[in-house]
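All remarks here apply to the structure that follows.
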Amino acid sequence: MINVIVARKQAEAEGIYSFELASEDGQPLPPFSAGAHIDVHLADGLVRQYSLCNSAAENHRYQIAVLREPSSRGGSQQMHDAVEEGQRLQISAPRNLFELDGQAQKSLLFAGGIGITPILCMAERLHHAGAAFELYYSARTRDRAAFVERLLASPFSDRVHLCFDDEQGLDAATVLANPPEGTHLYVCGPGGYMEYILGSGRAAGWPDERLHREYFSASPQVDATSEAFEIEIASSGEVLQVSAEQTIVDVLYDAGFEIPVSCEQGLCGTCVTRVIDGIPDHRDSFFTEAQRAANDQFTPCCSRAKSARLILDL
Ligand code: FES
């Protein structure tokens, strides 16, 4: 855990504040790479992940940006209403689940709304490295888009395409037609936007291994009904009942297995556990389609079972 001070809080767009976090003791912060995020520990035990959006070459601060989400479970409200300049916060060291591929000949970066945060950092990194890229930034309106001035003032502004729904929206099918060899696609944004970009990419023939994504918040599982099932601990044969109201992580915790968790929404991959037998009901946004289809690992913080029993490698 790292103790930081909120050195700056600034309104960036309608419903979006940025926060600059500096180490409490003035020591350099741990390094990070473009696409990394930190966990921010808030009151009431809430832990939220935010992508870093400052240059990865900096070590004196981390910058994050937070969209107020009315339907959130309280994290963004706390960040907007209760976190002020000068306040102490505890954060994790940066982790990166959304790395740039070092072999890419060109990168297409797609940001939807607040999903601009890791994408901005990636664009700055690619520019610094002299790599080829284009950045497509979609938002409903210009007022709701953070960091537009920073992008337009950047030395790579000619590679930035602003796609506001009320001006000129994005036609992903045209942009993604005929996937060039060696080009990788990175996307971050709300669930519907991500599905639009990834679906357009797949329809145009982009291979899965060149599609990279980071959800900034969980896709709501509104259709997901929950039923009871069993889990079996492979090492001991112990069988545990998971009721419709319980998560697997909670049941395991009560039985003495402490699975590390962070987001508890299927976003971060902290809780990933191997499955030896049975079919998980994957409810995460972390794995690729191919990884889910293999059914040999899952996220027990939010996923459940399609089969009557799951045997876990514990
Ligand atoms: Fe983040 Fe399970 S705790 S995916």
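The values are calculated or read from the model by the stated rules, or taken from the named source; none is laboratory data. Predicted model, so just to flag it, every value in this text is computed and none were measured. In this analysis, Cβ positions are derived from the backbone assuming ideal geometry, glycine residues included, and neighbour counts consider all displayed protein chains.
Structural remarks
- Residues within the stretch 42-65 that are of a type in the set (Lys, Arg) and surrounded by 22 or more Cβ atoms within 10 Å (Cβ to Cβ), tallied: 1
- Test: residue in the stretch 157-165 that is farther than 23 Å from residue 13 by Cβ, of a type in the set (Val, Ile, Thr) and either part of a strand (DSSP E or B) or modelled with pLDDT under 95 (or both): no
- Some residue of the stretch 279-290 being buried (at least 21 other Cβ atoms within 10 Å of the Cβ), of a type in the set (Phe, Trp, Tyr) and under 25 Å from residue 111 (Cβ atoms): yes
- Test: residue in the stretch 104-117 that is surrounded by 14 or more Cβ atoms within 10 Å (Cβ to Cβ), in contact with a His (Cβ under 6 Å, 6 or more places away or on another chain), over 23 Å from residue 170 (Cα atoms) and of a type in the set (A, V, I, L, M, F, W, C): yes
- Residue within the stretch 27-44 that is at pLDDT 95 or above, more than 28 Å from residue 209 (Cβ to Cβ) and out of contact with any His (no Cβ under 9 Å at 6 or more places or on another chain) present: yes
- Hits in the stretch 26-41 (condition: surrounded by fewer than 18 Cβ atoms within 10 Å (Cβ to Cβ) and touching a residue at least 12 places away in the same chain (Cβ under 8 Å)): 28, 30, 31, 33, 41
Residue-wise test of (1) in a helix (DSSP H, G or I); (2) under 24 Å from residue 63 (Cα atoms); (3) not aromatic (Phe, Trp, Tyr).
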residue: 146; (1), (2), (3): no, yes, yes
residue: 155; (1), (2), (3): no, yes, yes
residue: 168; (1), (2), (3): no, no, yes
residue: 192; (1), (2), (3): yes, no, yes
residue: 197; (1), (2), (3): yes, no, yes
residue: 200; (1), (2), (3): yes, no, yes
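- So residue 236, is it among the polar types (S, T, N, Q), crowded, with 19+ Cβ neighbours inside 10 Å, at pLDDT 85 or above and on the phi < 0 side of the Ramachandran plot: no
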